[in-house]
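The values are calculated or read from the model by the stated rules, or taken from the named source; none is laboratory data. What you see is a predicted model, and the numbers here were worked out from it, not measured in a lab. Here the Cβ positions follow ideal geometry from the backbone for every residue, glycine too, while neighbour counts run over all protein chains shown. In case anyone asks, the SASA skips ligands and DNA or RNA and just uses the protein heavy atoms, side chains included. Shrake-Rupley method; radii C 1.70, N 1.55, O 1.52, S 1.80 Å.
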Amino acid sequence: MTQPPLDETAMQGPLQALAEELSTAQETALDLQISISSILASLGDTSCEAIFSLQDVDRLAQILGDLSTFAQALAASSPETWHVDVHSAASRLNLRDLAHRLCGDEVIPAASLASADEDNDCTFF
């Protein structure tokens, strides 16, 4: 029995894409930290639990940043002969846009999928 051909993607591409996604997630975590801090300040909540939660968000941002740096270093040092079946790995992900970005596929923004004659009264957040 023969195996179906594998997607032979050089490892550097998916690792660099992963690094970029982690960096973007870090930026989002930092934005959340600022938002949560502002909300807590406006509520006057200075409880230990609230402060620990903010520290958790900060730790998450730091972890995401370090993982991004690690993935970039792996991408830079990976031999060109290392290949992976990136589409098979990405098929296990729930977020299709993320899977496409990690595979290096072109991703069409959802906003551009609406036709010109639609009134676009639905906003995604």
Quiz item: Which chymotrypsin sites (Phe, Trp or Tyr not before Pro) in segment 1-102 pass both tests, a DSSP loop state and at most 13 other beta-carbon atoms within 10 Å?
Solution: 82
Quiz prompt | Value of Rg/Rh across segment 1-94 [Cα atoms, Kirkwood radius] | solution = 1.21
Quiz item: Any idea what the relative contact order of segment 1-100 is, in percent, if you count C-alpha pairs under 8 Å spaced at least 6 apart?
Solution: 50 percent
Quiz item: From the square roots a ≥ b ≥ c of the eigenvalues of the alpha-carbon gyration tensor of segment 60-99, which class results: rounded (a/c under 1.5), prolate (a/b over b/c), or oblate?
Solution: oblate
Quiz item: Once the piece of chain linking residue 63 and residue 94 is laid out straight, how much longer is it, given 0.36 nm per residue of separation minus the C-alpha distance between them?
Solution: 9.0 nm
Practice problem: Subtracting the Cα-Cα distance from 0.36 nm times the residue separation, let me have the gained length for residue 48 to residue 82 in nm, one decimal. | Solution: 7.5 nm
Quiz item: When all protein chains stay in place, what accessible area (Å², nearest 10, 1.4 Å probe) is found for residue 83?
Solution: 80 Å²
